[in-house]
Every structure is written in structure tokens, then in C-alpha cells.
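Only one structure is covered here, and it is reproduced in the block below.
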Amino acid sequence: TKMLDKLTETQEAYRCSGSVYLSQQQINSGLALGKLYNDNSFASLEHKLKRQISAAMLEDDAFCKAREQKILDIRRMLRTLRQIVQLHTVARDELLIDLDKRESRQLYVFIILIFVFLYAGFQVTRRGLKDIEADQALHRKAEKELNISESRFNAITNQASEGITLADPDGNYTFVNPAFCEMIGYSEEELLQMTVHDVNAPGQDTSSFQRSKTSEEGLVIQVLLQRKDGTTFISEVIGKMIIIDGQPQVLVSFVI
């Protein structure tokens with residue numbers, strides 16, 4: 001009987017030791033799994049379970065059944081821990097996927113904004129270029145019309161038989177045509193340094209020029225002029241005020 005009891009006790013102890021061994025293996029598996037996550041909370045739980053299994057192994061053999069129950073409880077804790085680790089993995093993966101999606105959406109929005117700004121800049125630039133081209137076209141047109149007007153004016157004044165002059169309100173010549181230069185005996189360069197009063201004969205009334213500045217219809221008078229060589233002659237003069245480039249000018253034509 002004593003031998004049978006001893007064998008039974010040995011078998012029970014071996015069974016308990018086997019349970020402890022299996023639990024230890026599961027703890028080791030949990031430790032290996034926990035190392036992959038570097039989470040302090042998992043490590044703390046595993047450390048506590050390890051201490052508990054060590055304490056259970058040191059307990060008296062008389063309390064083998066209680067020790068086995070404790071080991072079963074620890075085993076359940078280990079299963080729960082593995083489930084938590086798995087849930088943590090799933091949650092972390094889903095979070096990373098969500099972050100990737102958010103980053104992708106942000107990148108997509110950023111790219112769209114870049115294209116919007118580029119398109120807006122292109123439109124503004126294109127409109128600006130069109131405005132510049134339109135301004136250049138208007139400038140070329142105005143310049144062409146001005147050249148035509150100048151050509152016509154030069155053709156008329158250079159080929160006219162009567163003398164034609166322009167003077168500012170102070171009487172300074174700003175333009176003289178070839179016929180007037182030939183009529184008065186001075187060159188164009190000389191006349192552009194002179195005034196309308198310099199070609200009047202001595203004693204000639206100078207008020208006619210003042211009256212021409214206020215005439216819009218054209219004032220017709222006769223004046224006595226003096227050539228460069230000192231000879232004098234009478235000329236019929238028609239003077240009127242005109243505006244050229246926003247500036248007042250007195251236009252005078254001379255006919256002998």
C-alpha cells in the first residue's frame with residue numbers, strides 16, 4: 001500500500017511538473033511574441049506571469065492540485081495575452097493602413113492644389129500675354145497711323161508753294177517749311193533759333209501774332225516782312241491756333 005501511494009504521489013508530481021513545463025513553454029512563446037512589439041505593458045504582464053509560475057513551482061507538493069489550478073489560470077492569462085498581442089497587431093496594422101490612406105489623400109489633394117495653382121498661373125500669364133500683344137498691336141497701329149500722318153504732312157508742307165510755319169505761344173518757331181525758308185532767306189536751322197518777331201520789318205505792328213493766338217477760324221492780315229539780306233516784302237498771312245500733341249501751336253501760312 002505504501003508503495004502504491006508512493007507511485008501515485010510520484011505520478012501526480014510528474015504530472016504537475018509536466019504542467020509547469022508546458023506553462024513555461026507558453027510563457028517563453030509569449031515572451032518571444034512580445035519582443036516583436038516593444039511594448040512595456042506586454043513585457044510587464046509577461047514578467048508577472050513568469051514570477052507566478054516560478055512561485056508555483058516552489059510551492060509544497062501537498063498543494064499540487066491548487067498549484068495545477070494556478071498554472072491553468074496562468075495559462076489562460078497567457079492565452080489572453082496572446083489575443084491582446086494579436087489585437088494590438090491588427091489595430092496597429094489598421095492604423096498604419098489608415099495613416100497611409102490619409103497620407104495618400106493629403107498627397108492627392110496637394111497635387112490637385114498644385115495643378116490648380118499652375119492652371120491659374122497659366123491663365124493669368126496667358127491673359128497677360130494677350131493684353132501685352134493687344135497693347136503692342138495698338139501701339140503698332142498708332143505708330144503706323146502717325147507715320148502716315150507725318151508722311152502726308154511732310155509731303156504737303158515740303159511741296160507747298162506758300163510758306164508754312166508753326167510757333168509756340170511765345171512766338172518761337174517750332175517748324176518751318178522749305179518755301180518759307182526760301183521766301184525769307186534764312187535756313188531751317190537759323191529760323192528754329194528765332195521768333196516770329198525777328199522776321200518782321202522794323203516798325204511792323206506785332207499785335208497780329210497775339211490776335212492769331214486767340215483765333216480759331218483763321219486771321220487773315222497783311223504784314224511787312226524783312227529778308228535776311230535786309231530787303232522787305234509784303235505777305236498775306238493767315239494764322240490760327242491749333243493743338244498738337246496736347247500743346248497749343250500757332251499755325252501761320254505766308255503767301256506773296
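The values are calculated or read from the model by the stated rules, or taken from the named source; none is laboratory data. Values in this document were obtained by computation on a predicted structure and should not be read as measured data. Reconstructed Cβ throughout: ideal geometry from the backbone, glycine too, with neighbour counts over all protein chains shown.
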Matching residues, segment 138-179, being more than 53 Å from the chain's Cα centre (by Cα), of a type in the set (Gly, Ala, Ser) and in a helix (DSSP H, G or I): 179
Options 164, 184, 148: the member that is at pLDDT 90 or above and either polar (S, T, N, Q) or farther than 19 Å from residue 218 by Cα (or both): 184
One residue from 137, 167, 160, 155 being farther than 29 Å from residue 194 by Cα and either surrounded by 10 or more Cβ atoms within 10 Å (Cβ to Cβ) or in contact with a Phe, Trp or Tyr (Cβ under 6 Å, 6 or more places away or on another chain) (or both): 137
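This table checks each residue for (1) touching a residue at least 60 places away in the same chain (Cβ under 8 Å); (2) in the same structural domain as residue 244 (by TED's automatic domain parsing); (3) under 27 Å from residue 246 (Cβ atoms); (4) out of contact with any strand residue (DSSP E or B) (no Cβ under 8 Å at 6 or more places or on another chain).
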| position | (1), (2), (3), (4) |
| --- | --- |
| 123 | no, no, no, yes |
| 143 | no, no, yes, yes |
| 146 | no, no, yes, yes |
| 152 | no, no, yes, yes |
| 173 | no, yes, yes, no |
| 192 | no, yes, yes, no |
| 212 | no, yes, yes, no |
Some residue of segment 83-92 being of a type in the set (S, T, N, Q) and modelled with pLDDT of 65 or more: no
Hits in segment 180-213 (condition: assigned to a loop (DSSP other than H, G, I, E, B), over 56 Å from the mean Cα position of the chain (by Cα) and not aromatic (Phe, Trp, Tyr)): 185, 187, 194, 201, 202, 203, 204, 205, 206
